[in-house]
Structures are given as structure tokens and as C-alpha cells.
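Engineer: Handing you a structure now.
The numbers here are math on the coordinates, done by the rules we state, and not lab data. Computed from a prediction, not measured in an experiment: that's the story for all the values here. As a convention, Cβ positions derive from the backbone with ideal geometry for all residues, glycine included, and neighbour counts pool all protein chains shown.
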Amino acid sequence: MKVFVQIPCLNEEDTLESVVKSIPTKIKHVDEVIILVIDDGSSDGTLKVAKRLGVKDFVIHTRNMGLARSFRDGVDYALSHGADIVVNTDGDNQYPQARIADLVQPIITGQADIVIGDRQVYKIAHFSPFKKLMQRFGSYIVNKAAGTNVPDAASGFRAYSRQSLYRLNIVTQFSYCMETIIQAGNKGLRLSSVAIETNPKTRESRLFKNTAQHIMKSAEAIIRSYLMYKPYIAFNALGILFAIAGVIPFVNFGLAVLRGDSDGHVQSLVFGSAMLVGALLSFALLIISDLLRINRTLIEDQTERLREIQYKK
Ligand SMILES: Nc1nc2c(ncn2[C@@H]2O[C@H](COP(=O)(O)OP(=O)(O)O)[C@@H](O)[C@H]2O)c(=O)[nH]1
Ligand SMILES: [Mg+2]
């Protein structure tokens, strides 16, 4: 059993040492723990620090390509070097690396495909009440869209089985954390959580400038993933709303005719027709998006098989 612990890094020279040093070298049922540093175009001494600490495996981006891409490239490296499990942790020493042993156990025993470190957000001292509320709300929405029960959907401290990585396709630039859960849930992968305590904050988040931006970007990622898997629900609801809004003025007009005062009610017909056109469009989009979804499923199937061949051990 080979475990790769990948650390995506953007200028983490100050904290990388404590991260690397706290990664356990021996884990029950694991033969080898390999540390993989993904340098996402750092301009500081991240690489130098990593090499000094004895890290031998690297993915190096010559310029900054973002966290989602860093994650994907790390996974690609790990899988092509024979990883059975890939653990992700951050370079800012936010997560307790010592708990990696607990994170991988449910995968080793076959009880889970993906294990997520639950930061127990309500306990984190430096999170404001509003941030805590938003984290809970975000997780609630993700779980609704994924049909899962993950307490901390935004946590980046995770372990993935090799098989689950064959099946996940990260397509958004942003918030791969949410995206992977929604995909995993919809693909029937088994997720579980392990409660962890986070380390004291070492620096501000660089992924988000402020909470508003965090919310906007997370919402965007959730809506996009949702549309990807359940477009019919969204367009069906929209279509029905338009249809109701279209039928009411027609009924109204009919009643007016029966009363004999149809004059002056033509606006109802105009409005009703516009709404019915909206309904028609929504239902047409429903069909198209559902066909696209079927197509995507087929392509994803092929991608999974391709990865199986490509990364064959
Ligand atoms: N902000 C940012 N972080 C990156 C990028 N590429 C890799 N990372 C790493 O992603 C991890 C999470 O970033 P961080 O700023 O701590 O975001 P947080 O999850 O909101 O705390 C850190 O290990 C970063 O070094 C990037 O393009 N931007
Ligand atoms: Mg952080």
C-alpha cells in the first residue's frame, strides 16, 4: 500500500517545514508514505525548503495555475507513480498532518472511497460567527446536491482512494473541494468524515480576499455542479413556473369573455403568451441539457477506463 501526501504550495516557505515534519512516516497497513510537493509558481524559497527537508517528489508549475489545477497535476503524478491512496493537505499548516493515519484507515479497510477531515468549524476560534454560519450553510447545500452527509464540505484535508480518483473529473477552476463531493455523491462513491482539530492560523487565506467573494465563488461552483448532474430538476421547476404564469392570464381572459367584457384584457394574452414561450424554452433546454448529461456520462465512462489503462500498476 502506497500513500502519497500531496501539498499544493504557493509561497509557503515559512510554514512548509512544520507541515513536512508533522507528516507521519509510518502508518499501519501502509508500506510507503511519499511526500509530494506541488509548487504552483512560488516566487519564494518553497522549493529550496522542500529539497532541504528531503522531499524528492515534485510537480513544478513555472507560473501560478491555481489550486484546482495544482490538485489535478498532483493526482496525476501520484497515480502514475503507483499511489493507492492520495492524501491532500495544505502548505500553510492549517491541518493536523499527524491525523493522516486516521484519514487513510477507512479506505484501507474498504469502508470509504474518500475521507474528509471535519474541522468542526463551530469550534474554530478565529472564524467569525458569520463565517461559521456560511460554512454550515455551504455544507448543507453541497450535501443536498450530492445526496451525502459531509459535515465540512470545504475542508481540503482529505484522503482519496485510487479508484475514486479515476472517477473524479475536476472541470471548474475553482472550489474543487465542493465539486469533488457533488461528483462523488452523484457517482455513488462512499464518503466518510474524521473529526480533526485545526492548528492555529498561520496567515490569511489566499484563496479568498473576503467572505463575500468566498460565498459568491462557492455558490457559483455549487450551481454549476448541480446543473451538471440534475439539470432536469432546475429546468423543470423553471418551466412549470413559466407555465403557471402563462396559464393564469389566459384563464383570466376566458373568464372576462364569459362575463362579456373582454375589451381591455388583451394585455393578459400578451403577457400569458410571453410566459408560455418562456415555458416552452425551459422545457426545450431541459431536453437538451439532459441529452448533454447523458453524453457527459458516456465520456466520463471512457475517461475512467482510459485512466485505468494509463495508470495501470
Ligand atoms: N491561494 C492559492 N493557494 C494555492 C494556489 N496554488 C496552490 N495553493 C495552495 O493551496 C493551499 C490553500 O490555500 P489557502 O490560502 O491556505 O486557502 P484556505 O484553504 O482558504 O486556507 C495552500 O497550501 C496554498 O499554498 C493558488 O493559486 N492560490
Ligand atoms: Mg489555509
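Engineer: Using +1 at the Cβ of each Lys and Arg and -1 at the Cβ of each Asp and Glu in the chain, identify which of Met228, Ser218, Pro200 lies farthest towards the dipole's positive end.
Structural biologist: Pro200
Engineer: State, as an integer percentage, the relative contact order of the chain based on alpha-carbon contacts under 8 Å between residues 6 or more apart. Spell out each step's value before the answer.
Structural biologist: Values: 498 pairs, mean separation 51.2, N = 313.
The value is 16 percent.
Engineer: Count neighbours as other Cβ atoms within 10 Å of each site's Cβ, and list the trypsin sites (Lys or Arg not before Pro) in region 195-268 that are DSSP loop with at most 11 such neighbours. Don't skip to the answer; put the middle values down first.
Structural biologist: Details: sites: Lys201, Arg203, Arg206, Lys209, Lys217, Arg224, Arg259; in loops: Lys201, Arg203, Arg206, Lys209.
Passing sites in region 195-268 are Arg206, Lys209.
Engineer: Expressed in whole Å with the largest first, what are the equivalent ellipsoid semi-axes of the chain derived from the C-alpha gyration tensor as the square root of 5 times each eigenvalue?
Structural biologist: 47, 22, 17
Engineer: Pairs of alpha-carbon atoms within less than 8 angstrom and 6+ residues apart define the contacts here; what relative contact order does region 231-307 have, in percent?
Structural biologist: Here the relative contact order equals 44 percent.
Engineer: Report, as a whole number in µm² per second, the diffusion coefficient that Stokes-Einstein gives for region 231-307 at 10 °C and 1.306 mPa s using the Kirkwood radius over alpha carbon pairs.
Structural biologist: The calculation lands on 109 µm²/s.
Engineer: Can you return the lysines within cross-link range of Lys187? Criterion is Cα-Cα under 17 Å, with same-chain partners fewer than 8 residues away left out.
Structural biologist: The qualifying lysines are Lys144, Lys230.
Engineer: If I stretch the segment between Leu241 and Ser205 completely, what's the gain in nm (0.36 nm per residue apart, minus their alpha carbon distance), one decimal?
Structural biologist: 8.9 nm
Engineer: How large is the helix-only mean residue ellipticity at 222 nm for the chain, computed as the sum of -39500 (n - 2.57) over DSSP H runs with n ≥ 4, divided by its residue count, in deg cm²/dmol to the nearest 500?
Structural biologist: It lands at -17500 deg cm²/dmol.
Engineer: At 0.36 nm per residue, minus the direct Cα-Cα distance, what do Lys312 and Ile287 gain on full extension? Give it in nm, one decimal, please.
Structural biologist: Details: separation 25, 0.36 × 25 = 9.00 nm, distance 3.77 nm.
Fully extending the segment from Lys312 to Ile287 adds 5.2 nm.
Engineer: Classify region 1-99: rounded, prolate or oblate, from the alpha-carbon gyration tensor (a ≥ b ≥ c, eigenvalue square roots; a/c under 1.5 rounded; otherwise prolate if a/b is larger than b/c)?
Structural biologist: oblate
Engineer: Follow-up question, since we're still on this one. If the reach is capped at under 16 angstrom between alpha carbons, list the aspartates and glutamates near Lys51, excluding any in the same chain fewer than eight residues apart.
Structural biologist: Partners within reach: Glu12, Glu13, Asp14, Glu17, Asp39, Asp40.
Engineer: Just going by the charge dipole of the chain, with Lys and Arg at +1 and Asp and Glu at -1 on Cβ, which of Val49, Phe71, Leu286 is farthest out on the positive end?
Structural biologist: About the Cα centre, the residue reaching furthest to the positive side is Val49.
Engineer: What is the antiparallel percent of DSSP beta bridges lying wholly in region 2-208, to the nearest 5?
Structural biologist: Given both bridge residues lie in region 2-208, the antiparallel proportion sits at roughly 25 percent.
Engineer: Can you give the FRET efficiency for Leu298 and Val171, using 1/(1 + (r/R0)^6), R0 = 22 Å, r = Cβ-Cβ distance, to the nearest 0.05?
Structural biologist: Taking R0 as 22 Å, the efficiency between Leu298 and Val171 is 0.90.
Engineer: Could you pull out the pairs from Lys28/Lys132; Lys28/Lys48; Lys21/Lys217; Lys26/Lys312 whose alpha carbons sit more than 29 Å apart here?
Structural biologist: Checking Cα-Cα distances, Lys28/Lys132; Lys28/Lys48; Lys21/Lys217 exceed 29 Å.
Engineer: Oh, and also: Within the set of other residues whose C-beta is less than 14 Å from the C-beta of Thr202, count the net charge using Lys and Arg as +1 and Asp and Glu as -1.
Structural biologist: Details: positive: Lys201, Arg203, Arg206; negative: Glu12, Glu13, Asp14, Glu17, Asp90, Asp92, Glu204.
Net of charged neighbours comes to -4.
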